[in-house]
1. In which sequence would LYS7, LYS12 go, from the one with the fewest C-beta neighbours within 10 Å to the one with the most?
2. For the chain, what does the relative contact order come out to in percent, with C-alpha contacts under 8 Å and a separation of six or more?
3. Lys and Arg at +1, Asp and Glu at -1: add these up for the other residues within a Cβ distance under 10 Å of ASP136 and post the number.
4. What is the sum of charges around VAL17, taking Lys and Arg as +1, Asp and Glu as -1, for the other residues whose C-beta is under 14 Å from the C-beta of VAL17?
5. Provide the net charge surrounding LYS7, with neighbours chosen by a C-beta distance below 14 Å and charges set as Lys +1, Arg +1, Asp -1, Glu -1.
6. Sort SER35, SER85 so the one with the fewest other Cβ atoms within 10 Å of its own Cβ comes first.
Amino acid sequence: MDLNEQKAQARKAALRVRKAAFDLDRGGACGLLSSVLAGYRGVPLAGYMPIRSEIDPLPAMAEASAHGPVGVPVILGAGTPLEFSRWTPEGAMRDGPFGARVPAVDEFFDPEIVIVPLVAFSRAGGRLGYGGGFYDRTLELLRATGSVLAIGFAYGAQEVDALPLEPTDQPLDLIVTDAEVIEV
């Protein structure tokens with residue numbers, strides 16, 4: 001089985017696990033994320049608009065937006081890095097690609113912290129996403145031009161021992177779950 005098939009199988013299994021964790025979520029899952037971000041008040045950061053069964057970072061993002069710029073990813077085209085547009089809790093939004101909402105008016109900036117949604121993760125900082133490579137391209141670009149902290153955000157149930165990774169897969173610097181903070 002080649003690496004792409006391994007990733008597809010791992011992704012399918014991990015999405016089932018994530019959905020089960022999502023179904024059990026009774027709110028408050030981003031308390032630890034808020035605590036971590038409190039140590040970076042005012043630092044430009046990017047979160048994401050949760051889709052499907054992704055863990056919801058919006059309460060932590062709203063809190064952070066009171067202290068500095070917060071953005072969400074905007075996909076401008078296949079095979080391109082993400083751009084991050086300024087988001088506020090009360091800001092007007094529009095439908096973007098893949099069902100994620102994006103700001104109605106784009107105000108792009110480069111974040112120093114990127115909260116990354118996950119399909120699965122390993123304690124070594126490996127991450128499995130949806131397979132489009134958007135976060136890998138984006139983190140590679142941001143790391144080449146400056147310092148960026150990549151924080152994976154997931155349910156603890158999404159942890160796996162090992163992932164099928166390739167050299168272009170960008171590692172996480174920190175992982176925050178609903179139950180713990182994992183320093184990589």
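None of the figures in this text is laboratory data; all of them are computed from the coordinates on show. Computed from a prediction, not measured in an experiment: that's the story for all the values here. Cβ atoms come from the backbone with ideal geometry, glycine included; neighbour counts cover every protein chain shown.
1. LYS12, LYS7
2. 23
3. -1
4. Overall, the nearby charge balance is 0.
5. So the surrounding residues net to -2.
6. Ordered by Cβ neighbours within 10 Å, fewest first: SER35, SER85.
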